[in-house]
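Notes follow once the structure below has been shown.
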Amino acid sequence: MAGSILNKLGRELSRFGRQIVAAPGNLWRYQTERRHYDRVTARQIVTTDGQVAQTERVALYLIFPGMGVQPSHLRALRWMTDNGYAPLVVSNLPLGDADKAQLLPLCWRILERPNVGYDFGGYRDGILHLGDSLPALKRLAFLNDSSWFPMPGTDGWLRQAETAGPDFVAASYHWGIDRVRPHDFRTIRWRFGTGNRNFHYGSFALSVGPAVLRDPGFFAFWKAYRLTGDKSKTVRRGETGFTRWVLRSGHSHAATHDIATLDADLAAMSDDRLADLATKLILHEDSTMRQVKLDTLASTQGRDRAVLIPLILTAIARQGVSYALPHHLIRDKAYPFLKKSPLWASADTHAIMMDFLHGIDGDLGTELCAEATATVQARAPHLIGGAALGTAPPKNDTA
């Protein structure tokens, strides 16, 4: 016990020492990165007009086409235009002539920008580009290609978000339920609240209305937003920071897919359905919870609903509903978005994702399975035992 405590103390002191050493450089970057980007790097942005007329509804669509423009990009753009939105495509990679030729008939404008700041860096450039026209818009949607969308039977999300009522609408949220440690999953209490300092709405699907767009603080937030190449800081400054600005500003807010009653939904399911969903839980960023899931399902309690329900709830509270349970959320609740990154995270999450994709009928299922296979062959060929197709693309900036 004493040795364990000393080891932990040593690790903490070492971490603190690294922070002290790095502090001057971090402070310099904090004070200068945005200024340098705006004065120098942003000059590299290339703007190209598309063939779709601008409307009072704009969809800011951030893409990272590491393997070129895909059919799923084009399908997403058609969905936006079919719903009356003028797509402003922001690409975090340069586009070749062939890719541009596919995009231009389906968008209002394209911005090709340096790959700085992840999705929020791209969103920021889109907001600055819209500038003075923001207050005149009826709606602005934020979308990115870290997800496939819309899933079958869910093509009404843009209108659903617009007619929901609140000034700020997301597809889902994270950290709205108090988390428990993986091995304590039986103690979870399913209560929603926005008080957790890490609570945020998912930035891969947002819709904001006139009250937000006309608030001077909205543009000021994006103008002052500090770009960073650190993913965790992007989440903290971007997703969490934007959500906190909305809450502080007093704007009404909601998620179209609220999971506050998920515990009741699970309680109404059969034993077989619960066992199936528990098996298909996706925990690509929570290795401890993933192991707890595997151990529990392999034990004598693997079909005990009194165990499976808190197991599923804890997994969702920890991993986030947009990732954890597409087999329920999309198929039972008409959730429009399927996150891509679990495909290449591990063998088990890859298998669960491919199982889901193979269950999509028709041309869409064929299209998504082909894109998924090509992506995994390039990023993590060991998961499917195949050779990589050419050079692996850069890490997806929006995943």
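The values are calculated or read from the model by the stated rules, or taken from the named source; none is laboratory data. All of these numbers come straight from a predicted model, not from anything done at the bench. Here the Cβ is made from the backbone with ideal geometry for all residues, glycine too, and neighbour counts use every protein chain on show.
Quick notes
- Filter result for R197 (assigned to a loop (DSSP other than H, G, I, E, B) and in contact (Cβ under 8 Å) with a residue 60 or more places away in the chain): no
- Taking first residues from the range 264-287 that are surrounded by fewer than 14 Cβ atoms within 10 Å (Cβ to Cβ) and partners that are in a loop (DSSP other than H, G, I, E, B) and charged (D, E, K, R), the Cβ contacts under 8 Å between residues at least 6 apart in sequence or on separate chains come to D271/R303.
- Tallying residues that are in contact (Cβ under 8 Å) with a residue 24 or more places away in the chain, surrounded by fewer than 16 Cβ atoms within 10 Å (Cβ to Cβ) and not small (G, A, S) within the range 216-235 yields 2.
- Reported count of residues in the range 115-165, each being within 18 Å of the chain's Cα centre (by Cα) and of a type in the set (A, V, I, L, M), is 7.
- Subset of the range 329-351 (residues that are closer than 24 Å to R186 by Cα and in contact (Cβ under 8 Å) with a residue 60 or more places away in the chain): L329, T349
Condition check ((1) within 19 Å of the chain's Cα centre (by Cα); (2) assigned to a loop (DSSP other than H, G, I, E, B); (3) in the same structural domain as W148 (by TED's automatic domain parsing); (4) surrounded by fewer than 21 Cβ atoms within 10 Å (Cβ to Cβ)) across all residues:
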site: A59; (1), (2), (3), (4): yes, no, yes, no
site: R75; (1), (2), (3), (4): yes, no, yes, yes
site: M80; (1), (2), (3), (4): yes, no, yes, no
site: G84; (1), (2), (3), (4): no, yes, yes, yes
site: V89; (1), (2), (3), (4): yes, no, yes, no
site: A98; (1), (2), (3), (4): no, no, yes, yes
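Results for (1) modelled with pLDDT of 90 or more; (2) loosely packed, with under 13 Cβ neighbours inside 10 Å; (3) touching a Phe, Trp or Tyr at 6+ places or on another chain (Cβ under 9 Å), shown as yes or no for each residue.
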position: F337; (1), (2), (3): yes, no, yes
position: K340; (1), (2), (3): yes, no, yes
position: H350; (1), (2), (3): yes, no, yes
position: D361; (1), (2), (3): yes, yes, no
position: E367; (1), (2), (3): yes, no, no
position: Q377; (1), (2), (3): yes, no, no
position: P381; (1), (2), (3): yes, no, no
position: G390; (1), (2), (3): no, yes, no
position: D397; (1), (2), (3): no, no, yes
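- Yes/no for V69 being crowded, with 18+ Cβ neighbours inside 10 Å, hydrophobic (A, V, I, L, M, F, W, C), in a loop (DSSP other than H, G, I, E, B) and touching a residue at least 40 places away in the same chain (Cβ under 8 Å): no
- Filtering L158, L143 for residues that are in contact with a strand residue (DSSP E or B) (Cβ under 8 Å, 6 or more places away or on another chain) and either over 18 Å from D258 (Cα atoms) or surrounded by fewer than 16 Cβ atoms within 10 Å (Cβ to Cβ) (or both) leaves a single hit, L143.
- Residue-level check: of (1) surrounded by 14 or more Cβ atoms within 10 Å (Cβ to Cβ); (2) in contact (Cβ under 8 Å) with a residue 24 or more places away in the chain, M354 misses just (2).
- Matching residues in the range 297-308 - criterion: being surrounded by fewer than 21 Cβ atoms within 10 Å (Cβ to Cβ) and either within 18 Å of V180 (Cα to Cα) or of a type in the set (G, A, S) (or both): A298, S299, G302, A306, V307
- Answer from E239, E285 - the residue that is among the acidic types (D, E), over 22 Å from D332 (Cα atoms) and either assigned to a loop (DSSP other than H, G, I, E, B) or not assigned by TED's automatic domain parsing to the domain that holds W148 (or both): E285
- Which numbered condition T261 fails, given (1) more than 20 Å from A205 (Cα to Cα); (2) in contact with a His (Cβ under 7 Å, 6 or more places away or on another chain): (2)
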